[in-house]
Protein chains: 2
Amino acid sequence: MERIHDVAVQGVGTSDYGWFRNRRVESLAWEAVAEAVKDAGVAVEDIDAMIVGSVFGPPGIATRVQRGLGLPGIPLWTVEAACASGTAAYHRAVEAVGSGQYETVLVLGIEQMSTLFSGAIVPEATDPEGAAGLPLPGLYALQAQRYAAEHGVTPEQLAAIAVKNKANGTDNPRAHLREQPPSLQEVLESRMIVEPLTLLQCCPTTDGAGAAVVGRHRGSGTRDVLVRSSAYVSGQLWDQRSEHVWGFDPVVRAAEAAFAEAGVGISDIDVLEVHDAFTIGEVIALEALGLAPLGKGAELAPSGHTARDGAQPVNPSGGLLSRGHPLGATGTAQLAEIVWQLRGEAGARQVRRHRLGVVETMGGGAAGMDGNNCVVSVLEANR
Amino acid sequence: MERIHDVAVQGVGTSDYGWFRNRRVESLAWEAVAEAVKDAGVAVEDIDAMIVGSVFGPPGIATRVQRGLGLPGIPLWTVEAACASGTAAYHRAVEAVGSGQYETVLVLGIEQMSTLFSGAIVPEATDPEGAAGLPLPGLYALQAQRYAAEHGVTPEQLAAIAVKNKANGTDNPRAHLREQPPSLQEVLESRMIVEPLTLLQCCPTTDGAGAAVVGRHRGSGTRDVLVRSSAYVSGQLWDQRSEHVWGFDPVVRAAEAAFAEAGVGISDIDVLEVHDAFTIGEVIALEALGLAPLGKGAELAPSGHTARDGAQPVNPSGGLLSRGHPLGATGTAQLAEIVWQLRGEAGARQVRRHRLGVVETMGGGAAGMDGNNCVVSVLEANR
């Protein structure tokens with residue numbers, strides 16, 4: 001595998017996030033792409049290829065988006081990697097630019113959940129988890145139960161993650177849920193979905209799109225954000241005899257690869273967007289990234305370490321819990337937030353120190369029992 | 001884009017093709033992969049990555065297949081390029097091996113249509129063609145109508161393609177439709193689907209899988225089949241003011257790139273598998289590949305040129321018309337046939353001369369109006 005040199009995110013954009021049943025899926029894409037292309041300061045004609053990350057497509061989504069955009073006849077690729085599809089598309093773009101295959105790649109993550117699911121995602125009946133009646137909240141709840149048995153975690157520790165991220169989301173004008181942020185008590189007293197996860201600890205199903213222009217780094221003085229590394233891992237099945245809970249190992253593998261390639265450690269990272277599909281997800285991700293020792297990740301939110309004004313803010317965008325989780329678009333939304341943060345353009349959400357940022361997205365579950373797609377990328381502000 | 005050097009198809013395999021409502025999608029994959037891995041003579045542990053081509057997945061299909069196979073935790077990629085998804089996955093594998101990203105890549109094309117569609121594929125309502133009530137047989141019928149208006153084509157010329165391919169399919173024990181091959185009269189008198197395409201001129205919806213192991217060429221004396229070139233084009237929208245019918249231009253672009261890279265011309269090619277989803281499709285594909293001048297492609301089947309014992313046999317496997325069209329698996333089935341033919345292992349279907357072969361797959365239509373995904377690959381027998 002070639003190492004990445006001089007690859008940058010030149011521009012990012014997103015749609016609003018929410019429940020847009022009556023919008024065409026292409027129009028969501030258009031919003032994100034138009035912003036990303038303008039942000040990058042490139043001409044549409046400069047784009048050499050488009051890589052689309054989406055779980056439920058629909059099939060032909062890349063063509064439909066291209067038709068709506070009036071892009072010329074560039075190669076289109078569509079990749080699916082469960083909830084990590086958007087970041088997997090970004091990773092492919094980084095590889096393609098890094099290896100010289102393409103100069104400038106448009107990345108699009110997109111999902112219109114509202115037209116696919118009437119509120120609930122029901123796993124396909126032929127799938128083992130579907131047959132077992134185990135949708136994703138159940139899977140994450142099992143993760144939380146096992147974590148609680150091994151390390152101990154209080155309801156208040158988990159709820160504090162929702163309080164933090166939903167407060168951040170209040171300052172994100174594009175977030176799906178941006179009402180008055182709930183108190184700890186309100187999170188704890190919201191309807192129980194699957195023990196121990198209450199309603200306000202679960203991400204909503206959301207429509208949205210995110211886009212990025214990935215190309216060669218255009219030098220200092222530009223608004224380019226450097227890609228210091230990007231690692232994609234997949235394919236590792238979770239073994240229930242593992243000493244770690246479901247979803248931990250793939251993040252460790254991706255994080256180790258990403259930090260090694262970037263030549264930095266977790267203590268160097270100023271700001272992170274991680275996969276908080278459910279509150280327990282943030283705990284596991286942060287331990288896997290090394291931000292806390294095993295069993296100590298649940299202390300990070302209550303202690304203020306990961307607050308927006310803390311030492312290492314996590315999910316300043318509001319995360320999946322507040323922005324929502326339009327599967328294929330989630331990774332590109334995380335990427336956009338980190339790019340805005342590293343440039344100092346995050347407005348009311350801006351974190352203090354912003355030289356190095358991390359995006360972490362995990363996919364898998366409903367079809368894998370394993371969280372087996374994970375992308376971790378380290379990005380650096382231009383100087 | 002790096003040129004391809006020393007890349008080979010080391011082994012291929014397929015499932016049976018048919019209507020397998022009660023089989024798990026993974027079991028179809030297993031059949032194809034087990035055969036391909038054995039055929040390649042590699043150990044499962046030698047596989048560095050798996051790239052899956054599928055249109056309708058389901059999401060997580062790569063993980064599910066991997067779990068069923070007991071493959072180690074290798075990177076998984078899932079790509080969607082409409083009906084060309086299988087060959088697009090193959091193309092990505094060729095790129096990945098050619099660039100040194102991976103040594104040995106398992107390609108899988110898979111689709112279980114029977115559990116998705118109860119006989120008919122209805123385009124999604126939000127899609128422009130869906131809204132227009134234009135499913136694929138209608139699109140191909142318009143292609144045929146326009147072709148007839150521009151160049152003239154008789155019902156007998158089109159029907160001759162079905163007669164040829166269905167006769168070939170009779171000798172393919174894995175083909176979906178392998179009953180007594182129909183006569184010209186029977187093709188013409190079968191139920192009209194969309195003027196001028198009768199039932200026996202339409203491919204069936206089919207379940208199936210195909211697999212290939214792509215790696216470095218292991219030298220003469222092995223059963224490796226060399227990849228002389230592979231070209232993927234996508235993204236070109238059809239303009240109805242074009243002087244060519246829908247679906248022609250992308251094949252031309254892919255063919256020109258593939259022949260240029262291979263350094264050969266169409267007259268050098270001994271055997272072809274092309275995308276005959278409907279009889280007219282074979283006419284358009286063969287003209288776009290240069291096998292006949294514009295407007296003369298419909299003469300190839302009646303003249304015997306493309307018969308199994310003709311000068312340049314086309315679709316000796318029976319093609320999509322006989323083998324069936326399990327979207328993502330079609331390209332890998334075509335690839336398997338060409339590999340068997342070039343090795344001289346095609347049994348009753350074996351063509352006489354078999355040094356150079358071509359695979360051509362076209363995707364798009366229901367979501368693109370443009371046949372905008374096309375892969376053309378030139379392969380060469382080992383010596």
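None of the figures in this text is laboratory data; all of them are computed from the coordinates on show. Predicted model, so just to flag it, every value in this text is computed and none were measured. No Cβ is skipped: glycine too gets one built from the backbone with ideal geometry, and neighbour counts run over all protein chains shown.
Compute a Gaussian network model of chain A, connecting alpha carbons closer than 10 Å, and tell me which residue from A:242, A:15, A:99 fluctuates the most. Maximum fluctuation in the GNM of chain A, among the listed residues, is at A:242. Given a 10 angstrom Cα cut-off, can you work out which residue in B:334, B:350, B:201 is the most mobile in a GNM of chain B? It is B:350. For the segment A:61-69, counting C-beta atoms of other chains within 10 Å of every residue's C-beta and taking the mean gives 6. The local environment of residue A:55, defined by Cβ-Cβ distances under 10 Å, has a net charge of -2 under the rule Lys, Arg +1 and Asp, Glu -1. Other residues with beta-carbon under 12 Å from the beta-carbon of residue B:224 carry, at +1 per Lys or Arg and -1 per Asp or Glu, a net charge of +2. Here r is the Cβ-Cβ distance between residue A:167 and residue A:222 and R0 is 35 Å; the resulting FRET efficiency, rounded to 0.05, is 0.60.
For the options A:183, A:220, A:317, a Gaussian network treatment of chain A with springs between C-alpha atoms closer than 10 Å singles out A:220 as fluctuating the most.
Rounded to the nearest 20, the Cβ-based charge dipole of segment B:127-205 about its Cα centre (Lys and Arg +1, Asp and Glu -1) stands at 220 debye. Using +1 at the Cβ of each Lys and Arg and -1 at the Cβ of each Asp and Glu in segment B:174-248, identify which of B:197, B:185, B:208 lies farthest towards the dipole's positive end. In segment B:174-248, that residue is B:208. Applying 0.36 nm per residue to the separation of residue B:34 and residue B:352 and subtracting their alpha-carbon distance, the gain on full extension is 111.6 nm. Taken about its Cα centre, the protein assembly as shown carries a charge dipole of roughly 100 debye when the Cβ of each Lys and Arg holds +1 and the Cβ of each Asp and Glu holds -1. Given R0 = 22 Å, the distance between the Cβ atoms of residue A:305 and residue A:186 translates into a calculated FRET efficiency of 0.45. Rg ratio for segment B:55-113: its Cα radius of gyration over 2.2 N^0.38 Å, N being its residue count, equals 1.13. Near the amide H of residue A:99, under 5 Å away, which other amide H atoms are found, from residues 5 or more places off or on another chain, if H is placed in the peptide plane? Sorted by chain and number, the residues that satisfy this come to none at all. Using Cβ point charges alone (K and R +1, D and E -1), the dipole size of chain B about the Cα centre works out to roughly 740 debye. Computed from label points 7 Å out along Cα-Cβ, the spacing between residue A:43 and residue A:154 is 6.2 nm. Computed over neighbours whose Cβ is under 15 Å from that of residue B:349, the net charge equals +3, Lys and Arg +1, Asp and Glu -1.
With both residues required to sit in the protein assembly as shown, DSSP beta bridges show an antiparallel share near 75%.
Taken residue by residue and averaged, Cβ atoms of other chains lying within 10 Å of the Cβ of B:234-245 number 3. Angle of helix A:155-170 to the longest C-alpha principal axis of chain A, folded into 0 to 90 degrees and rounded to 10: 30°.
Inter-copy label distances for residue B:186: 7.2 nm (label point placed 7 Å from Cα along Cα→Cβ; shortest first). The value of relative contact order for chain A, using C-alpha pairs under 8 Å at least six residues apart, is 26 percent. Per residue, the protein assembly as shown reaches -10500 deg cm²/dmol at 222 nm when only DSSP H runs of four or more residues are counted, each adding -39500 (n - 2.57). Computed from Cα atoms, the angle from the helix A:85-98 axis to the main principal axis of chain A rounds to 40 degrees.
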